[in-house]
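Q: Take this structure, written in structure tokens, and hold onto it; I'll ask about it next.
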Amino acid sequence: MAAPPRLGAVRLLAIDGPSGSGKSTLAGKVVAELDSRGVRVALVSTDEFATWDEPVSWWPRLETGVLAPLRAGRPGGYRRVDWTSGVPRPGEEVEIDVPDVLVLEGVSSGRARIRPSLSLLTWLDGGSETERLDRAAGRDGEESRADLRRWQLFERGWFTVDGTRAAADRVVTQAVPPLT
């Protein structure tokens, strides 16, 4: 809360890092802590936009649906990706009221394009690729392991080109234990 708002009157916290590093777990803890302090907080996960075939190119939907309206002091919204059938398809509409803090978590949430609007960028390393792949497959199902491995190879290149880790205000080098 000490960081200045840079998305209009909203403080934007990005929690970025490779798949399986603990981003969702950390984001859940941050949201719970802020909520317990009476802070109006909203959480948006890049997993609700990304698909295996569209790992980062979905960004304009987030920008026009959520970030631009919040920047202007208006509520935003988006249609989340529904994975319940195992194949991504349009899911339910999600509305985002104007919060004090928006926590944006997931791969590419701290991308160069949004950094001028970030109040804080946190990067999670989360262990070796093998450890992260095992955690992600445990979370998403063993049948997703091959897709997750392709995703790891993509994100490795993405993060190198984007310079995300080097731009982070905070770096966490261990995996965040899951919420229980």
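The values are calculated or read from the model by the stated rules, or taken from the named source; none is laboratory data. Values in this document were obtained by computation on a predicted structure and should not be read as measured data. As a convention, Cβ positions derive from the backbone with ideal geometry for all residues, glycine included, and neighbour counts pool all protein chains shown. All accessible areas refer to the heavy atoms of the entire protein, side chains included, with ligands and DNA or RNA removed. Shrake-Rupley method; radii C 1.70, N 1.55, O 1.52, S 1.80 Å.
Q: Starting from the range 133-144, keep only residues that are acidic (Asp, Glu), then list their pairs with residues that are modelled with pLDDT of 90 or more and open to solvent by 70 Å² or more (accessible area, probe 1.4 Å) whose Cβ atoms are within a distance under 7 Å, requiring at least 6 positions of separation or different chains.
A: Once the first residue is acidic (Asp, Glu) and sits in the range 133-144, no partner that is modelled with pLDDT of 90 or more and open to solvent by 70 Å² or more (accessible area, probe 1.4 Å) comes close enough.
Q: Still on this structure, please answer the following. Would you mind stating whether Val41 is touching a residue at least 40 places away in the same chain (Cβ under 8 Å), under 15 Å from Val10 (Cα atoms) and of a type outside the set (S, T, N, Q)?
A: So Val41 fits the description; yes.
Q: Would you mention how many residues in the range 111-126 are hydrophobic (A, V, I, L, M, F, W, C) and either open to solvent by 20 Å² or more (accessible area, probe 1.4 Å) or not in a strand (DSSP E or B) (or both)?
A: Within the range 111-126, residues that are hydrophobic (A, V, I, L, M, F, W, C) and either open to solvent by 20 Å² or more (accessible area, probe 1.4 Å) or not in a strand (DSSP E or B) (or both) number 4.
Q: Here is a further query. Keeping to the range 150-164, report how many residues are open to solvent by 70 Å² or more (accessible area, probe 1.4 Å), within 16 Å of Arg111 (Cβ to Cβ) and in contact (Cβ under 8 Å) with a residue 60 or more places away in the chain.
A: So the count comes out to 2.
Q: What residue, among those in the range 77-123 that are over 26 Å from Ala2 (Cα atoms) and among the aromatic types (Phe, Trp, Tyr), is nearest to the chain's Cα centre (by Cα)?
A: Tyr78
Q: Which ones in the range 36-87 are of a type in the set (A, V, I, L, M) and under 17 Å from Gly17 (Cα atoms)?
A: Passing the criteria: Leu43, Val44, Ala50, Val56.
Q: For the structure I just gave you, tell me whether Pro116 is over 18 Å from Thr46 (Cβ atoms), out of contact with any Ser or Thr (no Cβ under 6 Å at 6 or more places or on another chain), at pLDDT 95 or above and not basic (Lys, Arg).
A: In short, yes.
Q: Which of the strands (runs of 3 or more DSSP E) contained wholly in the range 1-110 include at least 3 residues that are surrounded by fewer than 13 Cβ atoms within 10 Å (Cβ to Cβ)?
A: Per the criteria, 89-96.
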